[in-house]
Amino acid sequence: MTAHPSHFRQAPEGPRPVLARITPPARPLGPWRFLRTVVRNPLEAWPETIYREPHYTSEFLGTSSLFVMAPNLIRRVMVDEADAFEKSEVLRRALSPALGDAILTADGARWRWQRRAAAPIFRAERIRSFVPAMIAAAERTRDALAAGAGTDAGNGAEIDIAQTMMRTTFEIIVETMLSGSGRIDAARVEQGITDYLESTSWVFALTLLRAPAWMPFPGRARAERAKSYLRDELLRLAAEGRRDGTEGRNDLMSLLLAARDPETGQAMDDRDVADNLLTFVTAGHETTALALTWAFYLLSHHPESEALIAAEVEAATGGGPLTADHVDALPYTRQVILEAMRLYPPVPVVVRAALRDVDLDGVPVKAGTPITIPIYAVHRHATLWDEPERFDPARFAPEAAKARDRYAYLPFAAGPRICIGMGFALSEAVAILAVLVRSLRFSLRPGYLPVLKQRITLRPSEGMPMRVTVR
Ligand code: HEM
């Protein structure tokens, strides 16, 4: 009997590949080095202890900040006591200038009605209706890559798979959420998002220093220009959407235009609609593109896993085209995506602030304390994972996943603020990986070790150079 791919356990053969990772400082950094490190890459400022301990308090210039890693504590913050926490000041300072007070950045009643307004488009049957568009975009990418690919190992052109994935998921988000509307310049929007996010580590550092929001820093002017471009573009789309009316339209824009605040009865103005659209366009494609980028990176080090995906897709489709029904029936491909997001969570950290004094299973938290949930470190925590540095999709086989604490794995966070696009993202990532891997082979530039960089999301700092060959 052949083992089903989902029960396959990777046999460690030969020397293990050295995978890209953060090397944490053995001891907490002094204030000056800490700040410099935060500007370079906030994840590198986390001391080694957070990969081992249930919680940890960091002190900076007399302000304490609590890191929680133990699943029971995470559950208290994100679920049981969710009402006692709000989005933190640092997140607001970093994101609100671009995203306004929309679904990702708002709190309380204002957040709730925006979330309710958008929810219908994320119901399971709506997500299913988007899968053909996801597959079609993946097939266009496959055809473009195949046209430039070589026929045997190594002679194809080198591409940046990070950029290729951004373009593919961008096409999908615009087509599904905005009915493909609006003549958006994908290249400029991508660059705008990158330029804007680049500024966020400075904002983290300046917030720690309690510097005023107008404080200049390197790259600020570029970030401001990017922000203005993105905001103006989305405002134009929102105004066009309102002018053209929602009749016959069945997308996110029409839901937002039709939404009414349950307390005031008011509709969203164009600014609110634009802020939400920019939030969905940004949060809805960059993250999934990164999950895929890191999955391709891991697969290039694990060809046996890549072969299992290709075999699973061939078995499910009988060699025919991939359809929406197949996407739900590719358990091993899905496990690879989940394991990629464990090692490289696209959102590597979530931060909250306590609204009142709270007791977290014996850990007292004073009102105003920032709480960091270091998802990247939780996913590699010594007490939660067996050989945490090892790539092993079998961790997500049903029995293995069931045996683990739900709050040990948080790529989409948890509780009321859980990612609204989780189901969408998983279908999309599985569809894209399946379409590409069955036809093409991806090889990382020999010797290339990507450097992890957090700019809200977890990016490879110099992209992900790969050669593509036809399978
Ligand atoms: C692999 C892909 C994705 C990952 C890893 C991811 C991760 C996350 C995480 C961790 C949060 C919680 C942030 C916090 O609480 O501070 C979040 C929120 C959110 N995500 Fe995603 N996301 C992904 C894809 C998507 C997609 C495809 C969409 C939309 C189409 C989306 C839209 C949102 C929105 C609107 C929120 C805010 C929800 C709220 O606060 O109510 N995300 N995401």
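Summary of computed values
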read-out	value
Residues of segment 80-92 that turn out to be over 9 Å from Arg352 (Cα atoms), more than 12 Å from the ligand (Cβ to nearest atom) and assigned to a helix (DSSP H, G or I), as a count	3
Residues of segment 1-40 satisfying the condition of being part of a helix (DSSP H, G or I) and modelled with pLDDT under 70	Pro5, Ser6, His7
Matching entry among Ala102, Ala118, Ala124, Ala149 (being more than 13 Å from the ligand (Cβ to nearest atom) and buried (at least 16 other Cβ atoms within 10 Å of the Cβ))	Ala149
Index of the failed condition, Thr282 passing every other in (1) assigned to a loop (DSSP other than H, G, I, E, B); (2) open to solvent by less than 40 Å² (accessible area, probe 1.4 Å)	(1)
Options Thr288, Thr246: the member that is surrounded by fewer than 22 Cβ atoms within 10 Å (Cβ to Cβ) and either assigned to a helix (DSSP H, G or I) or more than 13 Å from the ligand (Cβ to nearest atom) (or both)	Thr246
Failed criterion for Leu322 (all others in (1) hydrophobic (A, V, I, L, M, F, W, C); (2) in a helix (DSSP H, G or I); (3) more than 9 Å from the ligand (Cβ to nearest atom) hold)	(2)
Any hit, segment 376-391, residues being more than 26 Å from Trp202 (Cβ to Cβ) and in contact with a strand residue (DSSP E or B) (Cβ under 8 Å, 6 or more places away or on another chain)	no
Tabulated pairs, segment 295-317, first open to solvent by 30 Å² or more (accessible area, probe 1.4 Å) and at pLDDT 95 or above, second of a type in the set (D, E, K, R) and part of a helix (DSSP H, G or I), C-beta under 8 angstrom, 6+ apart or interchain	Ser300/Glu306; Glu314/Arg438
Index of the failed condition, Pro212 passing every other in (1) assigned to a helix (DSSP H, G or I); (2) loosely packed, with under 15 Cβ neighbours inside 10 Å	(1)
Ala133 being within 13 Å of the ligand (Cβ to nearest atom), within 22 Å of Ala431 (Cβ to Cβ) and among the small types (Gly, Ala, Ser)	yes
Residue ranges of helices (runs of 4 or more DSSP H) in segment 369-471 with at least 2 members more than 14 Å from the ligand (Cβ to nearest atom)	398-402, 422-439
Considering residues of segment 344-362 that are touching a Leu at 6+ places or on another chain (Cβ under 7 Å) and open to solvent by less than 20 Å² (accessible area, probe 1.4 Å) only, the residue farthest from the ligand (Cβ to nearest atom)	Leu360
Residue among Ala431, Ala401, Ala414, Ala408 that alone is closer than 17 Å to Glu339 by Cβ, of a type outside the set (S, T, N, Q) and open to solvent by less than 10 Å² (accessible area, probe 1.4 Å)	Ala408
Residue within segment 76-99 that is more than 22 Å from the chain's Cα centre (by Cα) and surrounded by fewer than 16 Cβ atoms within 10 Å (Cβ to Cβ) present	yes
Residue within segment 266-276 that is in contact with a strand residue (DSSP E or B) (Cβ under 8 Å, 6 or more places away or on another chain) and exposed (fewer than 14 other Cβ atoms within 10 Å of the Cβ) present	yes
Single match in Val365, Val358, Val336, Val327 (criterion: under 20 Å from Thr457 (Cα atoms) and of a type in the set (A, V, I, L, M, F, W, C))	Val336
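The values are calculated or read from the model by the stated rules, or taken from the named source; none is laboratory data. For clarity, every value in this text was computed on a predicted model and none was experimentally measured. No Cβ is skipped: glycine too gets one built from the backbone with ideal geometry, and neighbour counts run over all protein chains shown. Surface accessibility is based on the protein's heavy atoms, side chains included, excluding ligands, DNA and RNA. Shrake-Rupley method; radii C 1.70, N 1.55, O 1.52, S 1.80 Å.
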